[in-house]
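These notes are about the structure you will find just below.
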Amino acid sequence: MLNEVIENSKAPQKNSFSQRLPFSIEKRQFPTTGAVIMWSIIGVVLALIIGAIFLLATGRDPIEIYTLTFSKVFTTPYGLASAANKATPLMLGAAGVMVAAKAGLWNVGVEGQFLVGAVAASGVALLNLNVPSFVIILLMLVAGFLGGALVAFICALPKAYLKVNEIITTLLFNYIVVLFVAYLVHGPMKGAGNNVPQSAVFAENSWLPQIGSTGIHLGFIIAIIMVILFGWLMRKSTFGFEMRVVGNNPKAAKYTGISIIRNILLVMIISGGLAGIGGMMEVSGVVHRMQSGIFTNFTLTAFAVAWLARLNTAGVLVVSYLLAGLLVGAYVMQIVGMPSAMVNVLEGLIIMLIVAFDIVTVYRIKWKRGNSK
Amino acid sequence: MVKQNGEIAVEMKHITKKFGNLAANNDINLKIYKGQVHCLLGENGAGKSTLMNVLTGLYKADCGEIEINGQPANIHSPKDAIGYGIGMVHQHFRLVKPLTVLENIILGSPKVGFWLNNKAAREEIMELTDRYDLHIDLDAKVESLSVGEQQRTEIIKQMYRGANIMILDEPTAVLTPEEAEKLFVFLRQTASAGKTIIFISHKLREIMSVGDKVTIMRKGQIVGAKDVKDTSVEDLAGLMIEGTISEVKKQSVEKDGAEVLRLTDIYTLHDDSGNVNLENINLCLNEGEICGIAGVSGNGQRELAEVVSGLRFCDKGEIIVGQKVMTNQCTRKFIQAGVSHIPEDRLGTGLAAGLSIIENGILKEYKSKPISVHGLINYKVAKKYTEEIIEQYKVKAENLNRPISALSGGNLQRMIIGREINGDPKILVAAQPTRGIDIAGVKMVHSMIFDQKAKGVAVLFISEDLDEIMEVCDTLAVMYQGHLSQKVRPSETTIEEIGLRMGGALC
Amino acid sequence: MTYTLFIAILAGGIAAGSSILLASLGEILSEKVGVLNLGLEGIMLIGAVSGFVFTIITNNSWIGILMAIVLSAVAGLIFAVLTISLHGNQIVCGLAMVIFGTGVSTLIGNPYVGTPVPQSFDAVAIPLLSKIPVLGPVIFNQDVLTYIALILVFVVWYFLFRTKPGLHLRSVGESPGTADALGINVTLTRYIYVIIGSALVGLGGAQLSLAFTKVWIENMAAGRGWVAVAIVVFAGWNPQKALLGAVLFGIVQALGFRLQVIGISFPPDFINMLPYFLPIVVLCIEAAKTHRKKAAGPEALGVPYIRESR
């Protein structure tokens, strides 16, 4: 009894309270993968609940919309294939964001890079070259990469040499490129005898082939391979190592003789190039012509994928497929009243909730066993 | 002269403060009398600053009580401490650099009204600066002031805010001997005017010349309390470091090896980013020589280290490493030529905190052969390489794939020193290698450096601590405002002469 | 003819720039206190849609304005909780806010596309002052929200540099540790100005939908939030220079519009690109000028403040 009083007077107050609880909360230095995944799922579920409230508030039936979306996309072959096609450019764009982020750069210009990649690939396709299909597609891939890389490179120059914030330059370039594409499809690229602002349909030898009868185009596989390849190179190669040192601590990079300028330029070329290939795949695999608005809010969605995946290669693949499914679902469900903007709302909510939960992922609950003295 | 048992200004009872498992303060009891200069003596990491941060409400003690002027005091925030008349001048000044002196002084003071155009405040401050002879331009921006003037701003700020109990944390570390002397006069004067001064230091001579009472701390505990007039330097030194010293013998073999580094007439480029410009630097180092660079920090030592390790371009002059002219070559060339560099800001410059321990271990070697082949890093080899460093230099690390930020300060220190030495350098640039570590760590660093000397490595040893330089180095030179004095042997000079050079009084 | 065109372009420039000006002022408050809010684009859209929708519902544009301010302040509060209290990455949270704002404004505004606003803010000529040649028609014949924006430039400047709370705000943004040690509540100060800043951004959005276009268009901020972020950097965190930047942006936009009206045959898409090119070019020039110098931004910008870290 007396001992207890002394104990309590010595210990700080919060301890005496927490000592009575049947569990204690301990802080780890690093969160475990399990904790991260668990809290991510809780974040997604919470976001869906808040999203449901939004839907209710705007006079829609959330349960109907959610279940129908899910069943229309993830239980039908058509839905699954559409999601795969939609995920193709998305995972490349997200990989672009991820690669740049590993080097400490925020490439939020993947939409512009994606569009210029698409334009460059379209340019090749519209030449109607008389060569085998795989040569044209290869040329289109190269053109897409170079197109995207060019835009990213333009934004990387002021960053590398003048330390101009790349977030502002890459983002503003999205708007510039959107207007540029509008100019092209209204003018020089407009298909002959066509009143709609879009290019002529590509010749079939510049279409990415379908995989069997799945309805999924070959780009899906190529994209997965590229994302894995570049994720692996960032981890295992010396150039990836250099980029990560630059991203983590530019002073340390300078100290070990790694060129910061060279690595900024190089990583942005890769990042933009990946997004550009995404553009090529969208026009060559799905749209088969160039037009405006082939993927609205591409930057925001790709950014969301990269951060929900926590800049992890496998995560990018999974999350881009799931978000693509959601986008396809929203498109299908527009009749029922699920506007595609709902996907943006959910993306924003999920990121915010996951950021909020980050602070708790490092804690773990440890249950006390019985009343052992 | 010394008021023996006057009023008690501050009494701290049973203060304990833990960081994780480490008790930075363990059951501290302390009485401080009014109108005295009370010194807190101890090595770095002894817990002095922590104790004072508890007193000023910046840290919350895990347990213990504080009484101010005999009344129990509840200090939970800096605001409370100010209310009790406690003010602290931190080692790193708490000043907002882009603001003016006046703005800094009135910042957060309840005496100032909503509008800043405040004549009353200005007059009160002028009156204060006149009374204590602390003149300063009130409208100058703090970032344009010298270190001594910034400290003065800090002191005026505390007085304006009504501090009767003023804590100064290592106030002379940034001052020249001359400036320090001025500060001591001011402190004695202020104390005799009835204010209480708590003076934190690890320099024994300072304490003997300025203090009334001294409390000695070691490893978070109080190990002694004395009247200054009843004690001696030897006495205090014994208390402060008792049992922690294991003497390292310096090899006194001084054969003149071949020359490995020569700097001729080095000037660095003019820029506006706050760097000191080196002017007319001449220095040569021989194999197996430890050359100390003394000086108050911020006089160009960092810039010198950067020039020698290839991180900073020169405007004029020539650098020869070994036999090769290396002027304005890229950093990698310097690394390949065998220049290793323990940077001043170890975590900020020498390591990438978010990368793994292995990746930090190979930071200098990631491009060389067994570690990387055909542009791909072999992580098995890399792991082995890092394990060697960890074993040899006793770095405590559990999982090598974890980010290096998981290591504690001392282990980071050992890791970076180990890595830099492991590459078999020809020249080792060690910038403040012992700053901020405990005495056992200091001894370990010294013995590592002696090992290198024995292997024939030339060491450029930069330190603010003159005693350390005198103890460790074969030769030494002093930096002052970008100039470097001639190299001499410790036996050919005196502490006084070096002190004058550090203050720019001798050129 | 050229005189009227000149006046029209300048007056149009101020009207077009006023939403960006309000957003820049909001961002200056937020960044000066040390919080980088990149969610401007999203918060502007939230302000624009809520101002518009509540004006239609209540038939009172002042209630619309009030709701725009309140709801964008709520968005600011959410951002503040994430970044200040939970130490979330400010860039990620800002972009999440853009994504959320884009989505939620489209969702809410969807049924109102094409609906005219019943009560809008039209240009009000100020007696006497509007008769001054050049200055009169350019400055004193604007909508009320633009007048508010112009007045706020001086209010914000005076507040920042001439008042005690302004001094506290700046010290928290430059050196939170110092401010804390002096008894200034860092967390509370940051909350206050992030929220007020967001409210100003939302007001800018409302100016866009209720005074500038007077209709609801999906994604109608069209990058203005990002331009505002760029202007803050260009302006060196100074309200007066932000006014200059915003008006410059507005003039370039108005110029494009006028050139199309008088039938200059240049692809309009290229003229429309100019407002987005301009900030990039200006930032590069500014950066080239101050190259090698320390950046002029608040020292603690983007860094969460955690007290017991050593």
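The values are calculated or read from the model by the stated rules, or taken from the named source; none is laboratory data. Values in this document were obtained by computation on a predicted structure and should not be read as measured data. Heads up, the Cβs are rebuilt from the backbone with ideal geometry, glycines too, and the neighbour counts pull from every protein chain shown.
A count restricted to the range B:139-163 and to residues that are buried (at least 18 other Cβ atoms within 10 Å of the Cβ) and touching a strand residue (DSSP E or B) at 6+ places or on another chain (Cβ under 9 Å) stands at 9. Here are some residues: C:Thr213, C:Thr187, C:Thr146. Which one is out of contact with any Phe, Trp or Tyr (no Cβ under 6 Å at 6 or more places or on another chain), surrounded by 21 or more Cβ atoms within 10 Å (Cβ to Cβ) and among the hydroxyl-bearing types (Ser, Thr, Tyr)? Result: C:Thr146 is the single residue among C:Thr213, C:Thr187, C:Thr146 that is out of contact with any Phe, Trp or Tyr (no Cβ under 6 Å at 6 or more places or on another chain), surrounded by 21 or more Cβ atoms within 10 Å (Cβ to Cβ) and among the hydroxyl-bearing types (Ser, Thr, Tyr).
Elements of the type helices (runs of 4 or more DSSP H) sitting completely within the range A:224-313 and holding at least 1 residues that are surrounded by fewer than 24 Cβ atoms within 10 Å (Cβ to Cβ), free of Cβ contacts under 8 Å to residues at least 40 places away in the same chain and assigned by TED's automatic domain parsing to the domain that holds A:Val97: these cover A:238-248, A:250-255, A:260-281.
When C:Leu82 is tested against (1) of a type in the set (A, V, I, L, M, F, W, C); (2) within 8 Å of chain A (Cβ to nearest Cβ); (3) within 14 Å of the chain's Cα centre (by Cα); (4) part of a helix (DSSP H, G or I), just one condition goes unmet, and that condition is (3). Tell me, yes or no, whether the range B:202-215 has at least one residue that is among the hydrophobic types (A, V, I, L, M, F, W, C), in a strand (DSSP E or B) and outside the structural domain of B:Asn299 (by TED's automatic domain parsing). Scanning the range B:202-215 turns up at least one residue that is among the hydrophobic types (A, V, I, L, M, F, W, C), in a strand (DSSP E or B) and outside the structural domain of B:Asn299 (by TED's automatic domain parsing).
Tell me, which helices (runs of 4 or more DSSP H) wholly within the range A:1-90 include 3 or more residues that are at pLDDT 75 or above?
A:33-57, A:62-74
Looking across B:Ser372, B:Ser297, one residue alone is at pLDDT below 90, over 26 Å from the mean Cα position of the chain (by Cα) and either facing chain A (nearest Cβ under 8 Å) or within 30 Å of B:Val174 (Cα to Cα) (or both). It is B:Ser372. Kindly check whether there is at least one residue in the range A:132-139 that is outside any helix (DSSP H, G or I), surrounded by fewer than 24 Cβ atoms within 10 Å (Cβ to Cβ), more than 12 Å from every other protein chain (Cβ to nearest Cβ) and among the polar types (S, T, N, Q). No, the range A:132-139 contains no residue that is outside any helix (DSSP H, G or I), surrounded by fewer than 24 Cβ atoms within 10 Å (Cβ to Cβ), more than 12 Å from every other protein chain (Cβ to nearest Cβ) and among the polar types (S, T, N, Q). On the stretch given as the range A:58-116, residues that are among the β-branched types (Val, Ile, Thr) and more than 25 Å from A:Ala149 (Cβ to Cβ) total 8. Do we have C:Leu77 as part of a helix (DSSP H, G or I), surrounded by fewer than 24 Cβ atoms within 10 Å (Cβ to Cβ), among the hydrophobic types (A, V, I, L, M, F, W, C) and within 13 Å of another protein chain (Cβ to nearest Cβ) here? Answer is yes for this residue.
Restricting to the range C:64-106, name every residue that is modelled with pLDDT of 90 or more, polar (S, T, N, Q) and farther than 24 Å from A:Arg310 by Cα. Scanning the range C:64-106 gives C:Ser72, C:Ser105.
Filtering the range B:339-352 down to residues that are part of a loop (DSSP other than H, G, I, E, B) and modelled with pLDDT of 85 or more, which residue is nearest to B:Asp424 (Cα to Cα)?
Start the filter on the range B:339-352 by keeping residues that are part of a loop (DSSP other than H, G, I, E, B), which leaves B:343-345, B:351-352.
Those still in the list that are modelled with pLDDT of 85 or more too: B:343, B:351-352.
Working: B:Pro343: 17, B:Leu351: 19, B:Ala352: 22 Å.
For the range B:339-352, the residue satisfying everything is B:Pro343.
In the set B:Ser447, B:Ser405, only one residue is more than 14 Å from every other protein chain (Cβ to nearest Cβ) and part of a helix (DSSP H, G or I); that residue is B:Ser447. Filtering the range B:416-426 for residues that are under 24 Å from B:Asn277 (Cα atoms), touching a Gly at 6+ places or on another chain (Cβ under 6 Å) and not in a helix (DSSP H, G or I) leaves an empty set. When each of C:Ile217, C:Ile280, C:Ile251, C:Ile195 is tested for being within 11 Å of another protein chain (Cβ to nearest Cβ), on the phi < 0 side of the Ramachandran plot and of a type in the set (Val, Ile, Thr), the lone residue that passes is C:Ile280.
Quick one: how many residues across the range A:314-323 are surrounded by 24 or more Cβ atoms within 10 Å (Cβ to Cβ) and aliphatic (A, V, I, L, M)? Of the residues in that region, 3 qualify.
Is at least one residue of the range B:60-71 out of contact with any Gly (no Cβ under 7 Å at 6 or more places or on another chain) and under 25 Å from B:Gln150 (Cβ atoms)?
Step one: filter the range B:60-71 for residues out of contact with any Gly (no Cβ under 7 Å at 6 or more places or on another chain), giving B:60-71.
When the remaining residues are screened for being under 25 Å from B:Gln150 (Cβ atoms), the result is none.
Looking for residues that are out of contact with any Gly (no Cβ under 7 Å at 6 or more places or on another chain) and under 25 Å from B:Gln150 (Cβ atoms), one finds none in the range B:60-71, hence no.
The range B:40-100 holds strands (runs of 3 or more DSSP E) entirely within its bounds, and those carrying 2 or more residues that are within 12 Å of another protein chain (Cβ to nearest Cβ) and crowded, with 24+ Cβ neighbours inside 10 Å map to B:86-89. Screening the candidates A:Asn205, A:Asn194 for the property of being under 21 Å from A:Val286 (Cα atoms), assigned to a helix (DSSP H, G or I) and modelled with pLDDT under 90 yields one hit, A:Asn205. Taking the range A:158-209 as the range and being in contact (Cβ under 8 Å) with a residue 12 or more places away in the chain, within 14 Å of chain C (Cβ to nearest Cβ) and among the polar types (S, T, N, Q) as the test, the residues that pass are A:Thr169, A:Thr170, A:Asn174.
Do you know which of the residues in the range B:101-116 that are β-branched (Val, Ile, Thr) and out of contact with any Ser or Thr (no Cβ under 8 Å at 6 or more places or on another chain) is farthest from the other protein chains (Cβ to nearest Cβ)? So the residue we want is B:Ile106.
Within the range B:304-338, the set of residues being among the acidic types (Asp, Glu) and either within 14 Å of chain A (Cβ to nearest Cβ) or assigned to a loop (DSSP other than H, G, I, E, B) (or both) comprises B:Glu306 only.
Which one is nearest to the other protein chains (Cβ to nearest Cβ), of the residues in the range C:162-174 that are touching a Lys or Arg at 6+ places or on another chain (Cβ under 8 Å) and surrounded by fewer than 24 Cβ atoms within 10 Å (Cβ to Cβ)? If you could, list the steps in order and put the result at the bottom.
Initial filter on the range C:162-174 (touching a Lys or Arg at 6+ places or on another chain (Cβ under 8 Å)): C:169-170, C:172-174.
Checking the rest, the ones that are also surrounded by fewer than 24 Cβ atoms within 10 Å (Cβ to Cβ) come to C:170, C:174.
Values: C:Arg170: 7, C:Glu174: 5 Å.
That would be C:Glu174.
Kindly indicate the residue of the range A:210-223 that is part of a loop (DSSP other than H, G, I, E, B) and without any contact (Cβ under 8 Å) to a residue 24 or more places away in the chain and also nearest to A:Met98 (Cα to Cα) among those meeting that condition.
Kept after step one, since they are part of a loop (DSSP other than H, G, I, E, B), are these residues of the range A:210-223: A:211-216, A:218.
Filter once more, keeping what is without any contact (Cβ under 8 Å) to a residue 24 or more places away in the chain: A:211-213.
On the way: A:Ile211: 28, A:Gly212: 31, A:Ser213: 32 Å.
If we take residues in the range A:210-223 being part of a loop (DSSP other than H, G, I, E, B) and without any contact (Cβ under 8 Å) to a residue 24 or more places away in the chain, then A:Ile211 is nearest to A:Met98 (Cα to Cα).
Tell me which residues, restricted to the range B:157-201, are within 21 Å of the chain's Cα centre (by Cα) and in a loop (DSSP other than H, G, I, E, B). Across the range B:157-201, the qualifying residues are B:Glu170, B:Pro171, B:Thr172, B:Ala173, B:Val174, B:Leu175, B:Thr176.
Here is a check on your reading of the model: is A:Ala275 touching a Gly at 6+ places or on another chain (Cβ under 9 Å) and within 14 Å of another protein chain (Cβ to nearest Cβ)? Let's see the steps before the verdict.
Working: touching a Gly at 6+ places or on another chain (Cβ under 9 Å): yes; within 14 Å of another protein chain (Cβ to nearest Cβ): no.
Against the criterion (touching a Gly at 6+ places or on another chain (Cβ under 9 Å) and within 14 Å of another protein chain (Cβ to nearest Cβ)), A:Ala275 does not qualify.
Within the range A:185-198, the set of residues being in contact with a Ser or Thr (Cβ under 6 Å, 6 or more places away or on another chain) and crowded, with 18+ Cβ neighbours inside 10 Å comprises A:Val185, A:Met189. Give the range C:85-109 a look and list any residue that's within 7 Å of chain A (Cβ to nearest Cβ), assigned to a helix (DSSP H, G or I) and not hydrophobic (A, V, I, L, M, F, W, C), or say none. Correct list: C:Thr102, C:Gly103, C:Thr106.
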